[in-house]
């Protein structure tokens, strides 16, 4: 998908910190987190809710009252006359939400707000009536855990997909550990100078309570050191496998967002900071249990839509739930491992699913800003052996 006149105001893509699985946000609805973070983000960026014409709400895990999700979020942000679609496409939700909003902009629908939010902690148990079952017993699915464990098309777990690609590549345990340690070093650089890089885009979560102490999450929670000397001693996560609990991501809770509009409106909203042009979006699907391969064809599809080549790209971020994702991407594209994910990635800071991509896109934008502009690529895999990618340009 190619976009001729869609842009984000520079500085208007944000993310909350990511909270660890069963951590501080485990009992807070992702809708509440979205309202808190988005409200503060828009206030800090001097974006009046009255200018918003449409909302795209991305999510993957149902929450209480999610049926009313989009209109509820818009109204509580102060955009009472606004609503829009809700998008759910597993780990590709952020890119899919941007694609939906970009199409709305091109159709003349005005300024679009994209919000992606998820809480993997305390995922719901869904009860499906089954009157023909033994004794009329219902079928029960744990939305998060059961789907982690089994792709109904491939018949295998997500980590099985990671191991399948690692074995097909002939990857070594040492290569996975070394890549993981590199990603840890890159994430650590984002913490330098009192987290100067992260503060360029990160918005704290602030949940106000009547009778209990207010909840504030202002930094990533649950991130563990992944230095080579410590992770190399870990056991494989599955028998005979190569990935450990260090070389795969961890589930998390969080929220992210952005503003999409025309280039001229984006310049006005940025206050002279410049714009981020949306050049192309791509989606792809690979074979059963080959999910870590999907970011490559997705990236090539997005680049083709943008009429760009890999050689035009000056910064890359990826959603990499397994270390093998980036090893495969580098092998297929020739992009050096140390030139990707300069300030971290989901392998280290965690994966709330819906907002994961948008956080990496925010980091991509800020990386390009520090370089003085240029063309960037975000790509990542998603459940169901699929991938999604976005090509952007940071410019004056």
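Which of the helices (runs of 4 or more DSSP H) contained wholly in the range 320-396 include at least 3 residues that are modelled with pLDDT of 95 or more, more than 19 Å from residue 92 (Cα to Cα) and out of contact with any helix residue (DSSP H, G or I) (no Cβ under 7 Å at 6 or more places or on another chain)? Correct list: 356-370. Of all residue pairs spaced 6 or more apart or on separate chains, those with beta-carbon atoms under 7 Å, a first member in the range 71-83 that is surrounded by fewer than 21 Cβ atoms within 10 Å (Cβ to Cβ) and a second member that is not in a helix (DSSP H, G or I) are 71/83; 72/65; 83/55. Note on the range 283-302: residues that are surrounded by fewer than 24 Cβ atoms within 10 Å (Cβ to Cβ) and on the phi < 0 side of the Ramachandran plot total 11.
Would you be able to say whether some residue in the range 61-68 is closer than 19 Å to residue 12 by Cβ, in contact (Cβ under 8 Å) with a residue 24 or more places away in the chain and not in a loop (DSSP other than H, G, I, E, B)? Checked the range 61-68: no residue is closer than 19 Å to residue 12 by Cβ, in contact (Cβ under 8 Å) with a residue 24 or more places away in the chain and not in a loop (DSSP other than H, G, I, E, B). Of all residues in the range 1-48, those being under 17 Å from the mean Cα position of the chain (by Cα), assigned to a loop (DSSP other than H, G, I, E, B) and surrounded by fewer than 24 Cβ atoms within 10 Å (Cβ to Cβ) number 1.
Scanning the range 73-87 for residues that are touching a strand residue (DSSP E or B) at 6+ places or on another chain (Cβ under 9 Å) and farther than 20 Å from residue 362 by Cα gives 73, 74, 77, 79, 82, 83, 84, 85, 86. The residues in the range 276-319 that are under 17 Å from residue 347 (Cβ atoms) and either part of a loop (DSSP other than H, G, I, E, B) or modelled with pLDDT under 95 (or both) can be counted, and the count is 1.
Restricting attention to the range 344-386, the residues being more than 16 Å from residue 10 (Cβ to Cβ), surrounded by 24 or more Cβ atoms within 10 Å (Cβ to Cβ) and over 12 Å from the mean Cα position of the chain (by Cα) number 3. Restricting attention to the range 266-275, report how many residues are part of a loop (DSSP other than H, G, I, E, B) and in contact with a helix residue (DSSP H, G or I) (Cβ under 8 Å, 6 or more places away or on another chain). Matching residues across the range 266-275 total 1.
Of the residues making up the range 349-396, those that are more than 20 Å from residue 306 (Cα to Cα) and out of contact with any strand residue (DSSP E or B) (no Cβ under 7 Å at 6 or more places or on another chain) number 5.
The values are calculated or read from the model by the stated rules, or taken from the named source; none is laboratory data. Computed from a predicted model, the values in this text were never measured in an experiment. Cβ atoms come from the backbone with ideal geometry, glycine included; neighbour counts cover every protein chain shown.
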